[in-house]
Amino acid sequence: MALLLPFPSHNASLSCSLSTSKLKLTAAPLPPLLSLSLPLRQTLLRKSNTKCGAVADIKGVPPLEEDHQVLVGPATEEERRGERVVADYDWTEEWYPLYLTQNVPDDAPLGLTVFDKHIVLYRDAEGYLRCYEDRCPHRLAKLSEGQLIDGRLECLYHGWQFEGNGKCVKIPQLPGDARIPRSACLRTYEVRDSQGVVWVWMSQKTPPNLNKIPWFENFARPGFQDTSTTHELPYDHSILLENLMDPAHIPISHDRTDWSAKREDAQPLGFEVTERTDRGFAGWWGKAKDQPLPNFLRFEAPCVLQNNRELVDENGEKHYFTGLFLCRPTGQGKSMVIVRFGGTKRSPLSKLFPQWYFHQNAGKVFEQDMGFLSSQNEFLMKSKVPTKELYLNLKSSDTFVAEYRKWMDKVGHGMPYHFGHSTISLPKEPAVVEHAPAGLVAGVSASSPAKGGIGTMHAPNLANRYFRHVIHCKGCRTVIKAFQAWKNALTATALALTALAILASGRQWKAILLVLATLCSAGVYGCSTAIALNTTNFIRIHRRL
């Protein structure tokens, strides 16, 4: 029934100026079927000859009224009147989360993307963070494939070197009496380190607005500790955000593979949206039977989502908990998320586990959703219609998802592309795939944190956990290398002990040597298991209930 709401179609012509802060647009009324795209009209016409109904306990309720009770409907007066609110928005005039500060390499440049813009991040000789467009002005080579020489960024194609504000300071091929051309400089981007995260301001026309850098109050509280991870993902950032603001899927998708997820806990949820602005929305959620709702969710432009909860212990002391998701668009069908879970009080049990265990568990959780979300991404791109024509959003599970897509209706005109609730704008250019990203495969660069890989063991593939997480995490790389070294040492020791046992003449010595060889073999198995946990994807095993 939501398909027939009198809301402007995504392809309705709009002749208006977007210079004002808000505009209300009313689309001319169209016959319900004519306002939809041709493929969808054909689908609806085919479906009109079939019967479809849901079994419900409520008897005697007309289908339209029943859908109104179950499905997410208009939430504002403008929606009810069929009006669309448009807000000022420019995607470049925002701060985007680039990387965890602790993981920025000290000895190599780091290539990153925001939407389709390629940038390179590095530390200069003084330790300051520098960010440029990831293209050498000479012949467009990627500077992120270069190296650092005395704190200067060198392009490995012809050896041009850059420093500070992007000024070229060395061109080996120039004659000694020639000056470096003024145009041999780089486009720079402003970056800031805030609360352990590097943020980039993407506009090169508008000065950076420092007031827009997000500040997370809980992370500044005394005693607050968090576990932070970074993950690259093979689907759009909007689908990532949609998934993260959907608590209803957790008991099903992550059944018994996360500490708190059990499918028998799947139930109706309650949602209450308390704030709607041009910058996002916020509200409370929890089990429908729990009143008041205990969890507070806030989405803030362009890509920040946080879940907060406050608990009071038996001594009357208040404790604060936060799940923070910083979701960066990295191109069509790609995204990167920085996940930060923390609180002012930690479970004693959690202190028994190393950091890498929580990191591999986070990788497992993302892998459980990956098949669903990447296929959803593909379907949205192929369908080319707004989500209200595709989704069946329930009030008891999808309220925040609908809110997010409706927010994109207001600001999507200021993005490179978007899929809103009632509007869309498709990418103007097809995605470019780099078939041979230098450095990722070459064994010579395998030891460089910015390039990734242990030799050629792992292919450069975002479906591979190693390339989605480990190359972005200093801690996990260090742990894997340590386990690999221990594995090699224990393997060699086990072989040596076995050989000595064969050569030994006394039974007692044979027994002792074989026991020690067995213990070393067990250590090899343990190290191999730890390496596999960090580098091998989770495989879902369907089980009968």
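Residue by residue, here is whether (1) within 30 Å of PHE224 (Cβ to Cβ); (2) open to solvent by 90 Å² or more (accessible area, probe 1.4 Å) holds:
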| position | (1), (2) |
| --- | --- |
| TRP160 | no, no |
| CYS168 | no, no |
| PRO172 | no, no |
| ILE180 | no, no |
| SER183 | no, yes |
| VAL191 | yes, no |
| SER194 | yes, no |
| VAL197 | yes, no |
Query raised in the report: Do we find a residue being under 30 Å from ALA362 (Cα atoms) and of a type outside the set (Val, Ile, Thr) anywhere in the stretch 143-154?
Result: yes
Requested in this report: Look through the stretch 475-517, keep the residues that are free of Cβ contacts under 8 Å to residues at least 24 places away in the same chain and under 43 Å from the mean Cα position of the chain (by Cα), and return whichever of them is farthest from TRP356 (Cα to Cα).
Outcome: ALA492
Requested in this report: Please verify whether the stretch 123-139 includes one or more residues that are without any contact (Cβ under 8 Å) to a residue 24 or more places away in the chain, within 23 Å of the chain's Cα centre (by Cα) and crowded, with 19+ Cβ neighbours inside 10 Å.
Outcome: yes
Requested in this report: Go through the stretch 333-355 and give me each residue that's in contact (Cβ under 8 Å) with a residue 60 or more places away in the chain and touching a Ser or Thr at 6+ places or on another chain (Cβ under 9 Å).
Outcome: GLY333, LYS334, SER335, MET336, VAL337, ILE338, VAL339, ARG340, PHE341, GLY342, GLY343, GLN355
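Of all the residues that make up the stretch 330-376, how many are assigned to a loop (DSSP other than H, G, I, E, B) and more than 16 Å from the chain's Cα centre (by Cα)?
Pass one, the stretch 330-376, residues assigned to a loop (DSSP other than H, G, I, E, B): 330-334, 344-347, 353-354.
From what is left, the residues that are more than 16 Å from the chain's Cα centre (by Cα) are 344-347, 353-354.
Selection size over the stretch 330-376: 6.
Residues checked against (1) modelled with pLDDT of 90 or more; (2) buried (at least 20 other Cβ atoms within 10 Å of the Cβ):
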position: PRO386; (1), (2): yes, yes
position: TYR391; (1), (2): yes, no
position: ASP409; (1), (2): yes, yes
position: ALA446; (1), (2): no, no
Report summary line: Residue hits (the stretch 140-158; more than 14 Å from LEU186 (Cβ to Cβ) and either open to solvent by less than 30 Å² (accessible area, probe 1.4 Å) or touching a Phe, Trp or Tyr at 6+ places or on another chain (Cβ under 7 Å) (or both)) are LEU148, GLY151
Report summary line: The residue that is farthest from ALA266 (Cα to Cα), considering only those in the stretch 219-242 that are open to solvent by 20 Å² or more (accessible area, probe 1.4 Å) and assigned to a helix (DSSP H, G or I), is ALA220
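The values are calculated or read from the model by the stated rules, or taken from the named source; none is laboratory data. Values in this document were obtained by computation on a predicted structure and should not be read as measured data. Using ideal geometry, Cβ is built from the backbone for each residue, glycine included, and neighbour counts are taken over all protein chains shown. Protein only, heavy atoms only, side chains kept; ligands, DNA and RNA dropped before computing areas. Shrake-Rupley method; radii C 1.70, N 1.55, O 1.52, S 1.80 Å.
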